[in-house]
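Here is the structure we will look at, set down as C-alpha cells.
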Amino acid sequence: MLNAWTEQLNAEVRDQITQWNNDDAIGAIVLTGEGRAFMAGADLNAFSDRVKTTGKSDVSTGFGGMPHAEFYYRSKPTIAAINGCAVGIGLTMVLPCDVRIASTDALMSIRFIKMGLMPELGSTRILAQLVGLGAATEMSLTGRMVPADEALRIGLVTQVTKPESMLDTAIAKGNEIAANPSNAIMAIKELLRKNPLDPDIERVMERESIRDQIARRHPNHEEAVSAFLEKRNPNFE
C-alpha cells in the first residue's frame, strides 16, 4: 500500500486530527502510513484527468483543505513516523510536524520538479529552515530520493530506528511530550513558529516574557514546583 494522496484521504486526515485536537484525553498525535509507504505523493490518475479535462494544469493550489503548516503549528504536538517512502506531498505534510522519526527503510523526496510543479504548503520555507538553504535547493531542483541516514545527518528527521521499533519509538516520544503541561507546550509551539523568523531580538524576548508571565500564573507551574519539593511526579492539568 502506497497511500497516494487523494481528496478523500485529505479529508480523513484533517478530520481525524481535528477530532484528536478536541479530545482532552489526547496529548500528542502520531502520524504514520499503512503498508510499505508513508505517502507516495499525489494520485497521478487525478493529475491525468485534470490535464485531459482542462488541457493544462489548474492554476489553483489543488490541495483544498489539505493540512498545512499553520494547521500543524496550531495542533497538539505531532510526531511523524515515516515508515517508508514520503514523496512530494507525502513529505511536505510532515515537514511542519514537531518531530519526525524515520525507519531505516524510509526514502524522502520533495519530488515536484519531476512533475514540472512547484513545492507547496509552505515547504520551500520549512524545508530550508530544517536542512539549510543549500540542501533544500539541491533536493528541490533534483527531486532525488533522500535515504534515512542522510535525512538524519542534514536534520530532515530527528531520529532513525529499525522498522520493527519505529512506531513504538514514535509513540514513546509522543508520551514523553504529552506528559508535560499542555498550556506550556502550546505556548512553546507558538514561540517556535514566530520567533525564528523575526529579526527583532527585542520582540522575540518580549513574546517569551509575556508567555512566561502567563505560564507562571498557571496552576501547572504551581503543581510542578510542589511536585519537585515533595519528590513526586507532577499531576498536570
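The values are calculated or read from the model by the stated rules, or taken from the named source; none is laboratory data. Remember, predicted model here, so these are calculated numbers, not experimental data. So basically every Cβ, Gly included, is an ideal-geometry build from the backbone, and we count neighbours across all protein chains shown.
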Spans of helices (runs of 4 or more DSSP H) in segment 17-110 with at least 1 residues at pLDDT below 90 and over 21 Å from Arg144 (Cα atoms)
44-54, 69-73
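Here is a yes/no grid of residues against (1) surrounded by 12 or more Cβ atoms within 10 Å (Cβ to Cβ); (2) within 22 Å of Asp24 (Cα to Cα); (3) assigned by TED's automatic domain parsing to the domain that holds Leu95:
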site: Arg153; (1), (2), (3): yes, no, yes
site: Val157; (1), (2), (3): yes, no, yes
site: Ala170; (1), (2), (3): yes, yes, yes
site: Pro196; (1), (2), (3): no, no, no
site: Val204; (1), (2), (3): yes, no, no
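Table: residues versus (1) free of Cβ contacts under 8 Å to residues at least 60 places away in the same chain; (2) under 18 Å from Met166 (Cα atoms); (3) not polar (S, T, N, Q).
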{"site": "Glu7", "(1), (2), (3)": "yes, no, yes"}
{"site": "Thr18", "(1), (2), (3)": "yes, no, no"}
{"site": "Asp24", "(1), (2), (3)": "yes, no, yes"}
{"site": "Ile29", "(1), (2), (3)": "no, yes, yes"}
{"site": "Glu34", "(1), (2), (3)": "yes, yes, yes"}
Confirm whether Thr137 is β-branched (Val, Ile, Thr), more than 20 Å from Asn83 (Cα to Cα), surrounded by fewer than 17 Cβ atoms within 10 Å (Cβ to Cβ) and in contact (Cβ under 8 Å) with a residue 12 or more places away in the chain.
no
Filter result (buried (at least 22 other Cβ atoms within 10 Å of the Cβ) and out of contact with any strand residue (DSSP E or B) (no Cβ under 7 Å at 6 or more places or on another chain)) within segment 97-111
Ile110
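Residue-wise test of (1) within 18 Å of the chain's Cα centre (by Cα); (2) within 23 Å of Gly122 (Cβ to Cβ); (3) at pLDDT 95 or above.
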| residue | (1), (2), (3) |
| --- | --- |
| Asn180 | no, no, yes |
| Leu191 | yes, yes, yes |
| Val204 | no, yes, yes |
| Glu208 | no, no, yes |
| Phe236 | no, no, no |
Among the residues of segment 111-138, which ones are closer than 21 Å to Val13 by Cα, assigned to a helix (DSSP H, G or I) and not hydroxyl-bearing (Ser, Thr, Tyr)?
Ile126
Is it true that some residue in segment 223-237 is assigned to a helix (DSSP H, G or I), surrounded by 15 or more Cβ atoms within 10 Å (Cβ to Cβ) and out of contact with any helix residue (DSSP H, G or I) (no Cβ under 6 Å at 6 or more places or on another chain)?
yes
Quick check on segment 142-162. Is at least one of its residues over 19 Å from Asn83 (Cα atoms) and at pLDDT 95 or above?
yes
Go through the residues of segment 189-204 one by one and say whether even a single one is in contact (Cβ under 8 Å) with a residue 40 or more places away in the chain and either touching a Lys or Arg at 6+ places or on another chain (Cβ under 7 Å) or among the basic types (Lys, Arg) (or both).
yes
